[in-house]
Each structure stands twice: as C-alpha cells, then as structure tokens.
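The structure appears right after this line, and notes come after that.
The values are calculated or read from the model by the stated rules, or taken from the named source; none is laboratory data. Treat the numbers as computed from the prediction; the structure is a model and nothing was measured. FYI the Cβ positions are ideal-geometry reconstructions off the backbone, even for glycines, and counts take in every protein chain you see. With ligands, DNA and RNA removed, areas are computed over all heavy atoms of the protein, side chains included. Shrake-Rupley method; radii C 1.70, N 1.55, O 1.52, S 1.80 Å.
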Amino acid sequence: MTIKTLLFIAGMSATSVAAAQSAITVAVVNNPDMVTMQKLSGEFGKLHPNIKVNFVTLPENELRQKVTTDIATSAGQYDVVMLSNYETPIWAKNGWLMPMTPAADYDVNDLLKSVRQGLSYSNKIYALPFYAESSMTYYRKDLFAAAKLTMPAEPTWTQIGQFAAKLTDKSKGTYGICLRGLPGWGENMALFDTMVNAYGGRWFDMNWKPELTSAPWKNAANQYKTLLTQYGPPGATSNGFTESETLFANGQCAMWVDSTVAAGYLSDPTTSKVAKDVGFAQSPHEVTKAGSNWLYIWALAIPKSSKHAADAQTFIDWATSKGYIASVAKAKGWISVPPGTRQSTYANPEYLKVAPFAKLVAQAIGTADPTKPSVQQVPYTGIQFVDIPEFQAIGTRVGQIMAGILAGQTTVDQGLLLAQTFTQRMMIQSGKSK
C-alpha cells in the first residue's frame, strides 16, 4: 500500500468521523439551574460523543422573543428550546413542536401528573420538564425574631405590608421586601397576576371583556406600588427573578415572594449568605386563596424546524432524567437538584433530609389549579398567564405599564386605564371580544 493510498484512507476516515458527528443548538434562560446544566453537559458528551451541544443563554424576556420568532417562522436556528406550560399547548396546536418520544427507560410515569398535563396537547406530551415551580414567601427568621414578629404559615398581603414596614432599615441597606419589578409577562406580571387573583380579580369576564380597571386590580396595584416604592430596593423596575434572588441571597431583603425553585439556592451556604436564616411560608393571599400561587413549568422541547430532532430528543432525555437529578446531587448536593418534576425526588430520603421546604413546595404545586385561577368564573386556563396567543403581547404591554406606575410615570388609576384600553383593543382585533 502506497503512502498516497494511506493518506487517502486516513483522510476518508477523518471525513467519516466528522460526518458522524452532529451539533445541536440549545436555547436556555440564564438562571443558576441552566448554568449547572451547562457545567454538567460534559457528562452528556461522554455518553454521546458524536453529539456536540452549543448553548445559547439569554435573559428571560429576550429568550422568549427570540425563540418565539424562530419557532413561528420555522427559521431552524435552535434544536432544543426552553419554554413553559404557557407556550407548549399553543405551539403544539399550531404544529410548531415535535411530540416527545423519550427512550423506554425514561420513566414518563414518574413525572408529576399536573406537570405532564401542563405540557400536553391532545393527549400527547410535547415537552419534558426541567423543573416545575409554584410561588412561596421567603423571609429572614433572624430579622423577624429581632423584631418580635411571627410569619404565619399562610400570610395575607396586608400582613406582608405590615411586616415590610417594620423590617425596612434603609440605613443598613435592608429592605422590607423584594419583588419582581422588571416588565414582562413572565417577569413582573407573573407575580402581579397572583396578587390580582388574591384580591379577587380576573383578567376577563366570561365574554372576554377585560376587567383591568376593577376594584381588585386597583387594590392589588396600590399594594404592589406601596410595597416596592416604600419598602423595596431602589431601581425595582430593573429587578426580575434573578436580580431579586441575588438581593435576597446577599441579605438585602427581609422578605421575597417568588418562585419555589429558589428555595434550594437560598438554602445553600455556598450560594446564599442567609442560608441558615431562611424561613418559608405559602404565597400570600388576601380575600381568597384561589390563584394566589402559580404553577409554572420550565421545559425543553424540539421545534418542528430542527434538523437534528433525534439528537435533540437524546439531549432532552438526559437533561430531564432521574440520572441528571442524581448527577446534580452528586456535584452540588441534593439541595440543588431541579425540583417539582418527579415523584421519585419527593420520595427520596436524601432530598427530604436537606430540603426543609420540600413538603411546602409539593403542597404549593399540588394546590395550584390553573383551571380555577380566580374566585370568579373565567373563560381561560392559567394562573399567572392566560392561555391565548394574544397574551404575550398583552402581558408584556401591561407589564410595561405596571413598571411605569412604579416609576411614577402614571398613577395607578391612569395606568390601569391604559392597560384596559390596550387589552380591549387587542381582544377586539383577535375577534374574541366585541
């Protein structure tokens, strides 16, 4: 065999190896759990050396915009996208997603029933959950004890306001409460929607007419404004989930009402300065508990436009598996595993031993009912969103108006009138309302 022949064969072999490899692009939100996923992706690479994973990590609002545009236009930029139980049924109905076909050993039945249902359309599951969450109240037990205050297991927003007033000490850089103020239907509106529900409000009546100038909306908006402008940190309209989590973990907030997914991060002394002092309570209610805590699922799905669907499914199987949860436990401890998705996690004594919040989180997820988000009848499903395509635009615009109220650009009444007018116009254009 000549040298030329050997070189030719070597070149052909290299070409064959390159051809056997594929690259998938995975679009995810920039939160700590996704950082962990990227750090552990080397394990996936060892299991599947012929699949290269390229991550695109974006802030939540930007991720939503880019992924929605890519999916709707079939651009094919992403092979795996991070989405929620809001988008999944809508996009599946539009034919934008591939149905999930996990491997036989994935154990779909281990997924919590409410989570499976939230990611399904027409009895098929179209996304697999990375983590699921409800909302809850975090508070500093040391500050409450020093002020001789007691946090109820199920506080009201009125009580939260009273606590915030007593615990604010701006001279020490301690604020009574931190809440999401960053505009976006999945940012400030996720929290504010639950406040509206707790005050007895709803987005629409049974004829799809908006009710954003109703008394419950005004009461919720006034309380929200008071909490953040009087007892919250400066620049509240720049604080979303991630920023608020950092503020609380650094000891700057006496209370924080937000996602249950933060419980592990705040309880971990390697990531939280207040880990030993964190207390947990249910999300606040007011005139009703209906819709006062949300149900939200961050999941991974495959766009119909993906050219590497099989490899994308292999990656999703790994990232949402019991094996991945065990890998996170090994790398960071059971306190840091993705919560809210699998029955086996909440039955694991190792997890229960280090997660004092586990039962409370399971209760919050279990009691959140997206089919009954308000004490009043509603024509929609969803606690912190409305399951219609128009809601992204509506929620985003109303979120901007709420940020304007916090910034003093409008009064509560003026802002809600603007929100009502915009929402009414969108519903008329959609044909849902006259």
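Brief remarks on what is shown
- Of all residues in region 100-146 being in a strand (DSSP E or B) and farther than 30 Å from Asn250 by Cβ, the one that is most open to solvent (accessible area, probe 1.4 Å): Lys124
- Applying a threshold of 8 Å to beta carbon distances and a minimum spacing of six or more residues, or different chains, the list of pairs starting in region 32-43 at a residue that is within 15 Å of Ile316 (Cβ to Cβ) and in a helix (DSSP H, G or I) and ending at one that is open to solvent by 30 Å² or more (accessible area, probe 1.4 Å) and of a type in the set (A, V, I, L, M) reads Leu40/Ala331; Ser41/Val53.
- Single match in Ala190, Ala164 (criterion: closer than 26 Å to Ile297 by Cα, out of contact with any Ser or Thr (no Cβ under 7 Å at 6 or more places or on another chain) and in contact (Cβ under 8 Å) with a residue 24 or more places away in the chain): Ala190
- Candidates Pro183, Pro152: the one that is within 21 Å of Val361 (Cβ to Cβ) and not in a helix (DSSP H, G or I) is Pro152.
Yes/no per residue for (1) of a type in the set (A, V, I, L, M); (2) under 23 Å from Thr270 (Cα atoms):
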residue	(1), (2)
Asn31	no, yes
Lys46	no, no
Lys52	no, no
Pro59	no, no
Lys66	no, no
Ala72	yes, no
Asp79	no, no
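- Applying the set (1) crowded, with 22+ Cβ neighbours inside 10 Å; (2) at positive phi to Ile335 leaves exactly one unmet item: (2).
- You will find that of Gly366, Gly323, Gly382, the residue that is among the small types (Gly, Ala, Ser), modelled with pLDDT under 95, closer than 24 Å to Leu119 by Cα and surrounded by fewer than 17 Cβ atoms within 10 Å (Cβ to Cβ) is Gly366 and no other.
- Residue check, Asp70 over 15 Å from the mean Cα position of the chain (by Cα) and either closer than 25 Å to Leu182 by Cα or in a strand (DSSP E or B) (or both): yes
- Of the listed requirements (1) surrounded by fewer than 17 Cβ atoms within 10 Å (Cβ to Cβ); (2) in contact with a Leu (Cβ under 8 Å, 6 or more places away or on another chain); (3) of a type in the set (A, V, I, L, M), Leu179 misses just one: (1).
Per-residue answers, yes or no, for (1) of a type outside the set (Asp, Glu); (2) more than 30 Å from Ala145 (Cβ to Cβ):
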| position | (1), (2) |
| --- | --- |
| Gly291 | yes, yes |
| Trp294 | yes, no |
| Asp317 | no, yes |
| Trp334 | yes, no |
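- The lone criterion from (1) open to solvent by less than 10 Å² (accessible area, probe 1.4 Å); (2) touching a helix residue (DSSP H, G or I) at 6+ places or on another chain (Cβ under 7 Å); (3) more than 24 Å from Asn30 (Cβ to Cβ) left unmet by Ala165 is number (1).
- The combined condition, being open to solvent by 10 Å² or more (accessible area, probe 1.4 Å), over 16 Å from the mean Cα position of the chain (by Cα) and small (Gly, Ala, Ser), is not fulfilled by Ser272.
- Meets criteria (open to solvent by less than 10 Å² (accessible area, probe 1.4 Å) and either part of a helix (DSSP H, G or I) or within 21 Å of Arg64 (Cβ to Cβ) (or both)) for Thr345: yes
- Complete set of residues in region 187-222 that are among the polar types (S, T, N, Q), assigned to a helix (DSSP H, G or I) and more than 23 Å from the chain's Cα centre (by Cα): Asn219, Asn222
- Tyr265 meets each of the listed conditions (1) at pLDDT below 95; (2) aromatic (Phe, Trp, Tyr); (3) open to solvent by less than 20 Å² (accessible area, probe 1.4 Å) apart from (3).
- Of all residues in region 5-40, those satisfying the criterion of being over 24 Å from Ala249 (Cα atoms), at pLDDT 90 or above and either surrounded by fewer than 18 Cβ atoms within 10 Å (Cβ to Cβ) or of a type outside the set (S, T, N, Q) (or both) are Ala23, Ile24, Val26, Ala27.
- Val354 vs. criteria open to solvent by 20 Å² or more (accessible area, probe 1.4 Å) and in contact with a strand residue (DSSP E or B) (Cβ under 7 Å, 6 or more places away or on another chain): no
- Failed item in (1) in a loop (DSSP other than H, G, I, E, B); (2) closer than 30 Å to Phe44 by Cα, with Lys330 passing the rest: (1)
Residue-by-condition table, conditions (1) of a type outside the set (Gly, Ala, Ser); (2) outside any helix (DSSP H, G or I); (3) touching a strand residue (DSSP E or B) at 6+ places or on another chain (Cβ under 9 Å); (4) at pLDDT 95 or above:
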| site | (1), (2), (3), (4) |
| --- | --- |
| Asp387 | yes, yes, no, no |
| Gln392 | yes, no, no, no |
| Arg397 | yes, no, no, yes |
| Gln400 | yes, no, no, yes |
| Ile405 | yes, no, no, yes |
| Asp413 | yes, no, no, yes |
| Leu417 | yes, no, no, yes |
| Gln420 | yes, no, yes, yes |
| Arg425 | yes, no, no, yes |
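- Yes/no for Tyr231 being touching a residue at least 60 places away in the same chain (Cβ under 8 Å) and within 18 Å of Thr174 (Cα to Cα): yes
- Qualifying residues in region 286-309 (those that are crowded, with 22+ Cβ neighbours inside 10 Å and not in a loop (DSSP other than H, G, I, E, B)) - the one farthest from the chain's Cα centre (by Cα): Pro303
- Verdict on Ala215 being under 19 Å from Pro284 (Cβ atoms) and crowded, with 22+ Cβ neighbours inside 10 Å: no
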